[in-house]
Amino acid sequence: MTEIRMLGRDALPDAVPDGWQGEPQTWLLSVSEYAAGPDGALADTILDAEERDRAAAFVRDEDRQRYRAAHAGLRRLLGAYLGLDPAAVPFMREPCPGCGAPHGRPAVTGTPLHFNMSHAGDLVLFAFADAPVGADVERIQPVSVVDQVAASLHPRERAELAGLPDADRPAAFARCWTRKEAYLKGLGTGLSRDPAIDYVGSGPHPVPVGSWTLADLPVGDVRPGYAAARAVLARPVQ
């Protein structure tokens, strides 16, 4: 499985202002640990005015803390990679792959660094690469939920899950769903693209989709009850 680092426990990455070197990298953040630690107290000094307003608009404190931790954590990591003050990271939006309007994937102005973020429960997942990348983290759901949502999957994936005993379906579904969401987020479409179109598999090894490489991430080793995956677009061979 792909290595995953913990924000707040592991050292921040080295700066790569002139271009990414090496393999894609993934980071995990615990919202509760972040909020209770010194970084949580500094979040509002990192976020911009729009982010602070969006955080304040959440009704539930749980949602507010998750948003603050996720966006401050993203700024800290991007600042480290790019050699910038986290508060000065210049965000933009890529063109939407469906309509071309500027509300697609978030990006940073003037850098080849690609990133993606996902959150579920107490966890936030970040992925960084030199090519388009998607990431997804999810709580493992009970079999009753799995059986309802599995109807939206590729026919081969539905058949794979239907052939498993009840005890094995939740973990297999979580593998399949996180791979699929990571891929769709990497495309920039999200779930506006029918999840039944592309086959990623529910078995122990993800299936590539075209030029996209999928990898399961070992978040369960850090926080049992979760699953995660990453998708990266392969660069053409020069």
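Below is a table of values for the structure above.
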| quantity | calculated |
| --- | --- |
| Surface share of carbon and sulfur [accessible, 1.4 angstrom probe, percent] for the chain | 54 percent |
| Over 21 Å [Cα-Cα, the chain], rounded percent | 58 percent |
| Gain in span if fully extended, PHE58 to ASP166, counting 0.36 nm per residue against the direct Cα distance | 35.2 nm |
| Rounded accessible area per residue of region 1-145, 1.4 Å, Å² | 49 Å² |
| Volume of the Cα convex hull of region 159-211, divided per residue and given in Å³ | 77 Å³ |
| Global geometry of region 21-143, whether rounded, prolate or oblate, following the gyration tensor of its Cα atoms and the 1.5 cut on a/c | rounded |
| Listed peptides 176-184, 108-116 by packing density, highest first (mean Cβ within 10 Å) | 176-184, 108-116 |
| Packing-based order for 186-196, 225-235, using average beta carbon neighbours within 10 Å, highest first | 225-235, 186-196 |
| By average C-beta atoms within 10 angstrom, highest first, the peptides 166-172, 90-96 | 166-172, 90-96 |
| Tilt relative to the chain, helix 61-82 - C-alpha long axis, 0 to 90 degrees, to 10 | 70 degrees |
| Per-pair calculated FRET efficiency, R0 = 25 Å: ASP194 and VAL222 via Cβ, rounded to 0.05 | 0.20 |
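The values are calculated or read from the model by the stated rules, or taken from the named source; none is laboratory data. Bear in mind that the values here come from a model prediction, so they are computed numbers and not experimental data. Cβ sites come from the backbone with ideal geometry, for glycine too, and all protein chains shown count toward neighbours. All accessible areas refer to the heavy atoms of the entire protein, side chains included, with ligands and DNA or RNA removed. Shrake-Rupley method; radii C 1.70, N 1.55, O 1.52, S 1.80 Å.
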